[in-house]
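Before any comments, here is the structure.
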Amino acid sequence: MYYKTFKLVALTAGLIVSPLALASGDAPSLLVGTCISCHGPAGSSVGPANPSIAGIMDNEDFVESMQDYRDDKVPSTIMGRIARGYSDDDFKVMAEYFGSQKLVRAEQVYDAKLAKKGKKIHNKYCEKKCHEDDGYSKKKGVLAGQWMPYLEYSLADFHDGLRKTEKERKSGNGKMEKKLRKMLDKEGVEGLKSLVHFYGSQTKSK
Ligand code: HEC
């Protein structure tokens, strides 16, 4: 009896959570319900290890990112397993939904001095043609206001040459990796840290 009640409560709780979370963002279907449990309501994550995915990239890049996870082309802790359950058409629906949401940036604890240094490093190595508009541009993925621990892991992956775009893998030439190496040669690991603090300091929505 106890078990039955518990199961019922757990089931009901699950049922209640999804529609509520979905209602806040006009989700097209239940397809994105799973995503929201980690990536936050309408894709603005509330936890530092799960990246926000609301309005952070173009739809095409979003689909490619999901395909890369599914086909094990990029390393991941969790997304590889999740992406395996969906088709390309599903990815398109997800991309459209999350792509049209507005990113809600959380207040994060950052070091103002490092953030200031990070802005300079950003301008020198990251802004031009890629992460334009102080990292707010969607063109190569929004960095401004992303979770700091997530940024830290991702940058480390890029640095290790693991996370490349399809084009980069084909040409064997990772632009992002090259830039990062250049930056690290000059600024050291503190350069990476400064960048993370700069992006973490950005809470304004644009
Ligand atoms: C259990 C938690 C969890 C669930 C559920 C989940 N994600 Fe993720 N997602 C993550 C984590 C953690 C990462 C970082 C990569 C990794 O380590 O797997 C990530 C990364 C991503 C990224 C890449 C973001 C970037 O900055 O490049 C996209 C896009 C994404 N997820 C979309 C989705 C979609 C769409 C769904 C629903 C089908 C989903 N995720 C479900 C945890 C989750």
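Peptides 108-115, 119-126 ordered by packing proxy, namely the average of other Cβ atoms within 10 Å per residue, highest first: 119-126, 108-115.
Summary of the geometry: the range 132-148 and the range 100-120, compared by the centres of their Cα atoms, lie 10 Å apart.
Where a number appears in this text, it was derived from the coordinates with a stated rule and is not lab data. Given the structure is predicted, the values throughout are model-derived calculations rather than measurements. Don't worry about glycine lacking a Cβ; one is built from the backbone with ideal geometry, like all the others, and counts go over all protein chains shown.
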